[in-house]
1. Taking into account only those residues within segment B:131-148 that are among the small types (Gly, Ala, Ser) and closer than 28 Å to A:ASN90 by Cβ, which is modelled with the lowest pLDDT?
2. Could you tell me whether any residue of segment A:64-85 is surrounded by 13 or more Cβ atoms within 10 Å (Cβ to Cβ), in contact with a Pro (Cβ under 8 Å, 6 or more places away or on another chain) and in the same structural domain as A:MET189 (by TED's automatic domain parsing)?
3. Give segment B:67-95 a look and list any residue that's among the charged types (D, E, K, R) and assigned to a loop (DSSP other than H, G, I, E, B), or say none.
4. Can you name the residue in segment A:181-229 that is in a loop (DSSP other than H, G, I, E, B) and among the small types (Gly, Ala, Ser) and is also nearest to the other protein chains (Cβ to nearest Cβ) among such residues?
5. Can you find a residue in segment A:30-50 that is modelled with pLDDT under 95, part of a loop (DSSP other than H, G, I, E, B), outside the structural domain of A:GLY152 (by TED's automatic domain parsing) and within 25 Å of the chain's Cα centre (by Cα)?
6. I want to confirm something. Restricting to segment A:116-146 and keeping residues that are β-branched (Val, Ile, Thr) and over 18 Å from A:PHE177 (Cα atoms), which single residue is farthest from the other protein chains (Cβ to nearest Cβ)?
7. Looking only at segment A:172-185, decide whether some residue is surrounded by fewer than 17 Cβ atoms within 10 Å (Cβ to Cβ) and under 25 Å from A:LEU72 (Cβ atoms).
8. Residue check, A:TRP154 against (1) touching a helix residue (DSSP H, G or I) at 6+ places or on another chain (Cβ under 8 Å); (2) closer than 20 Å to A:LEU79 by Cα, all met but one. Which one?
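The values are calculated or read from the model by the stated rules, or taken from the named source; none is laboratory data. Predicted model only: the values in this text are computed from it and were never measured. Virtual Cβ from ideal backbone geometry, glycine too; neighbours counted across all protein chains shown.
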Amino acid sequence: MRSPFRPAAPPDPAILDDHRRLIRSLQRRRLIQGGLSLGALTMLTGCDVRRPASVQAALLAIRDLNDSLQALLFDPNKLAPTYPASMVLNPPRFNAYYDVMKVKPVDGAKWRLELSGLIGDKRPWTVEQIEALPQRTEIIKHVCVEGWDYIGQWSGVPFRAFLERVGADLSARYVGFHCADGYTSSIDMASALHPQTLLATRYGDDVLGDPFGYPLRLRMSTKLGYKNPKWVTAIEVNNVRPDDMWDKPGYSWFAGL
Amino acid sequence: MMRLAIFLPALLLNTSALAQSHTPGGMPPPSGMSLAQSTAMRFPQRVRVGSLLHRLVIRPVESQTVLGRVVQVVRDGDGTIELVVAYGGFLGIGSRPIAVPIDATVLLGTVMEIVAYTPEQLRHLPTFTGAGTTPLPADTVLRVGLAKPSH
């Protein structure tokens, strides 16, 4: 039976002559290799496992796809579960990519919160100025990518109120954070404006302890623990994605819960 | 559908290969350092005795081996505060109480770790009898050091 896709008039074979060199350069063995690995490793969408860089690139592409889907599904008005005060763990759990003995406490008297990027009023903030802003308390779960979690009581300035106060461009795409220990993190604006996202200065009834981010840390109910930078010293609003420490090694950038 | 079947396993691979910490957290105190000095370097936090009771106690190793559960907090004749742990056994059966100084332990979220004793040393600790010690009431506030996760 004649294929319905067969063109009525076959193309002129002479066009092959124009590309003969290119056709010769196609290495048949490589085509076979590629075909075999595609068959054997459908999980890795056809990449050659003998080239770790290509495996990495494939996994990162899937991670980025995953991140885009999470951003698409994110509901800026949906609140994460909250809990009674009786369930709060006190003291909270310490975590960093280094040991607690290496924590360098921040001097609250000298500390300033620097602002940069698409922000109208870039004057730096002191601890007292931030504490004078309207506060909000959230009892939410901290979920770590490592598999553990705990319920904590965080108080501070709703991040949306802070961004509005400093005249940040709320239509910008990203908010970035720099920390006293060199940590960097960036989040999408929708998550930054979520009602439960806080610039936290207190835990339980006390001022935030040194190992937990004194004087200021980000606390979000909608993202994994590593997107909650501690000891924040600078905030940047930008349309170009600011640095994020865990983005490069392959962690989910969106890291939604 | 085919594309989904290809992506899903790869998504799993992508996330399961991740781990945030690369060094053990509950390191034993450096040689020559007293337990109290070691605790002082671990940002000791105020914690109620009542909130320590029944906590799991684990080894500061990646496998997070369970050593036992906190059953009591006592002050011994010298004034040292000790954590009494139902140690060993299987699923809580066959354990025996042992006492370790509170400064040999750290808080790790909802669990605790014993950082200054090897499993061998713990095995040879005498069974706690309570003689010469005073149990601390649940509302007593202690200071216990912190550690990062050991995995």
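1. Here the residue is B:ALA147.
2. Looking through segment A:64-85, none of the residues is surrounded by 13 or more Cβ atoms within 10 Å (Cβ to Cβ), in contact with a Pro (Cβ under 8 Å, 6 or more places away or on another chain) and in the same structural domain as A:MET189 (by TED's automatic domain parsing).
3. B:ASP76, B:ASP78
4. Filtering segment A:181-229 for residues in a loop (DSSP other than H, G, I, E, B) gives A:181-183, A:193-197, A:204-205, A:208-209, A:213-216, A:220-222, A:224, A:228-229.
Then keep just the ones that are among the small types (Gly, Ala, Ser); that gives A:182, A:204, A:209, A:213, A:221.
Details: A:GLY182: 16, A:GLY204: 10, A:GLY209: 7, A:GLY213: 12, A:SER221: 18 Å.
If we take residues in segment A:181-229 being in a loop (DSSP other than H, G, I, E, B) and among the small types (Gly, Ala, Ser), then A:GLY209 is nearest to the other protein chains (Cβ to nearest Cβ).
5. First pass over segment A:30-50, keeping only residues modelled with pLDDT under 95: A:30-50.
Subsequent filtering for residues that are part of a loop (DSSP other than H, G, I, E, B) retains A:41, A:45-50.
Subset that is outside the structural domain of A:GLY152 (by TED's automatic domain parsing): A:41, A:45-50.
Next, from what is left, pick out any that are within 25 Å of the chain's Cα centre (by Cα): A:45.
Yes, because at least one residue in segment A:30-50 is modelled with pLDDT under 95, part of a loop (DSSP other than H, G, I, E, B), outside the structural domain of A:GLY152 (by TED's automatic domain parsing) and within 25 Å of the chain's Cα centre (by Cα).
6. A:THR137
7. yes
8. The failed condition is (1).
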